[in-house]
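The values are calculated or read from the model by the stated rules, or taken from the named source; none is laboratory data. Computed from a predicted structure; not experimentally measured. In this analysis, Cβ positions are derived from the backbone assuming ideal geometry, glycine residues included, and neighbour counts consider all displayed protein chains. Side chains are part of the model used for accessible areas, which takes the heavy atoms of the whole protein and leaves out ligands, DNA and RNA. Shrake-Rupley method; radii C 1.70, N 1.55, O 1.52, S 1.80 Å.
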Amino acid sequence: GQYLSYYCDNTNQQSFAQIQQQQFKPLNKDEVSFGFRQPICWFKFSIQNQKPVPITLILSSNYSGFDKIDIFSAHSPYNLLTSIGDNSNYNQRDLKLRILATTINIPVRSESAFYIRAQTSGSFYLPLTISTYHDFLNHRQFYDNLVNVSYGVVIGLFLYHLFLFFLTKEKVQFFYILYIFCTLLFFAAQQGSLFQFWPNANSWNNLSVYTFSFLALSSGTLFSRLFLNTKNSFKVHKSLKYLALFLAIFSVIHPLFP
């Protein structure tokens, strides 16, 4: 992030040629984090290759929920190199990973300037990194192992309480199983792990995070009613029931809202 400069296009209409004429400001941060904002922002950086051979690097972002990232090169005849993001089909990705990543090539003994056009409807969080293939693979293997362990723990909880439910037939076990399952789906969608199961449904992939989050909150509320035995307090018990229903409805109708 500290090597980036940026310019935000409040009109959302400027071409790449116009953007190249604008004054970019240093980011002066480790990561791009602009909160919730609608304008398209452009980022610029340069890479020097002092080696006598061309090199291939990996440009990546660990936040998979970003809508669209276009990578431009000032030295390419077509300018636009590639597009990655939540709005692009999974099968069209250069590197089919749960995170956003693509390759960039640097010619022999040269300095290459790159531009990134970034647009999203959610949080404008873009932790960009550049690394060699070797470093990228080593880091991804370590991080993905941690994520897989997390999945394993949650799936273990799910199976254990599913077994308890078949033994006890207790309603509280059922809602806890439902809560664990919805939380697992939310976590997997947020991490980008589910996109490969619906590779061409990019709109659904973008919305699924919110659907699963509402379902996790709804099932968690229903579980809380039983686990905390709130029926002794009529108002609290009824309020939690309506809250759970409200959240469940929003899991379906949220695409109608900004």
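For the chain, with a Gaussian network of springs between Cα atoms less than 10 Å apart, report the residue from G85, G156, G192 with the top mean-square fluctuation.
G156
What is the calculated FRET efficiency for H134 to K29, with r their C-beta to C-beta distance and R₀ = 25 Å, to the nearest 0.05?
Computed FRET efficiency for H134 and K29 comes out at 0.40.
Take every Cα pair under 8 Å in segment 161-258 that's 6+ residues apart, average their separations, divide by the length, and report that relative contact order as a whole percent. Before the final figure, lay out the partial values.
Working: 93 pairs, mean separation 27.8, N = 98.
Dividing the mean separation by the residue count of segment 161-258 yields 28 percent.
Considering only protein heavy atoms and a 1.4 Å probe, what is the carbon-and-sulfur percentage of the accessible area of the chain?
Result for the chain: 60 percent of the exposed heavy-atom area is carbon or sulfur.
Tell me the net charge near N87. Cut-off is 14 Å between Cβ atoms, N87 excluded, with +1 for each Lys or Arg and -1 for each Asp or Glu.
That works out to 0.
Need the list of lysines near K25 for cross-linking: C-alpha distance under 17 angstrom, and skip anything on the same chain fewer than eight residues off.
Partners found: K44.
What is the gain in length, in nm to one decimal, between Q92 and F36 on full extension, counting 0.36 nm per residue of separation less the C-alpha to C-alpha distance?
Separation in residues times 0.36 nm, less the Cα-Cα distance, equals 17.4 nm.
With an 8 Å cut-off on Cα pairs and a minimum separation of 6 or more residues, tell me the relative contact order of segment 1-91 in percent.
25
From a point 7 Å beyond the Cα of S15 in the direction of its Cβ, which residues of segment 108-130 have a backbone N at a distance under 13 Å?
From segment 108-130, the list is empty.
Under 19 Å from a label point 7 Å along Cα→Cβ of W198: give me every residue in segment 154-188 with its amide N that close.
In segment 154-188, the label zone of W198 (backbone N under 19 Å from the point 7 Å along Cα→Cβ) covers 181-188.
Starting from the Cα of L228, step 7 Å toward the Cβ, then list every residue of segment 157-178 with an amide N under 19 Å from that point.
Correct set: 171-178.
Over segment 111-214, what is the relative contact order in percent, taking alpha-carbon pairs closer than 8 angstrom and at least six residues apart?
Working: 38 pairs, mean separation 18.6, N = 104.
Over segment 111-214, the number comes to 18 percent.
Using per-residue counts of other Cβ atoms within 10 Å, averaged over each peptide, order 21-29, 96-104 from highest down.
Numbers: 21-29: 11.6, 96-104: 18.2.
Ranked by mean Cβ neighbours within 10 Å, highest first: 96-104, 21-29.
May I ask you to derive the FRET efficiency for Q190 and S110 from their Cβ-Cβ distance with R0 = 41 Å, giving the value to the nearest 0.05?
With a Förster radius of 41 Å, E is 0.60.
Points 7 angstrom from Cα along the Cβ direction at V236 and Q2: gap in nanometres?
With each label placed 7 Å out from Cα toward Cβ, I get 5.1 nm.
If you find the alpha carbon centre of segment 199-258 and of segment 101-124, how far apart are they in angstrom?
Value for the Cα centre distance between the two parts: 38 Å.
Can you tell me which lysines have their Cα less than 30 Å from the Cα of K238? Leave out same-chain residues fewer than eight positions away.
By straight Cα distance, K238 reaches K169, K171.
Which one, (1) 1.86; (2) 1.08; (3) 0.99, gives Rg/Rh (Cα atoms, Kirkwood Rh) as derived from the coordinates shown?
Computed from these coordinates, Rg/Rh (Cα atoms, Kirkwood Rh) corresponds to label (2).
Based on DSSP H runs of at least 4 residues, each adding -39500 (n - 2.57), what is the mean residue ellipticity at 222 nm of the chain after dividing by all its residues, to the nearest 500 deg cm²/dmol?
When only DSSP H runs of four or more count, the value is -14500 deg cm²/dmol.
Please give me the summed charge of the neighbours of Y210: other residues whose Cβ is under 15 Å from its Cβ, Lys and Arg +1, Asp and Glu -1. All intermediate terms of the calculation are to be shown ahead of the outcome.
Details: positive: none; negative: D67, D86.
Residues near Y210 contribute -2 overall.
Please give the per residue accessible area of segment 97-167, computed with a probe of 1.4 Å over protein heavy atoms only, in Å². List each step's numbers first, then the result.
Values: 3910 Å² over 71 residues.
Computed with neighbouring chains in place, this is 55 Å² per residue.
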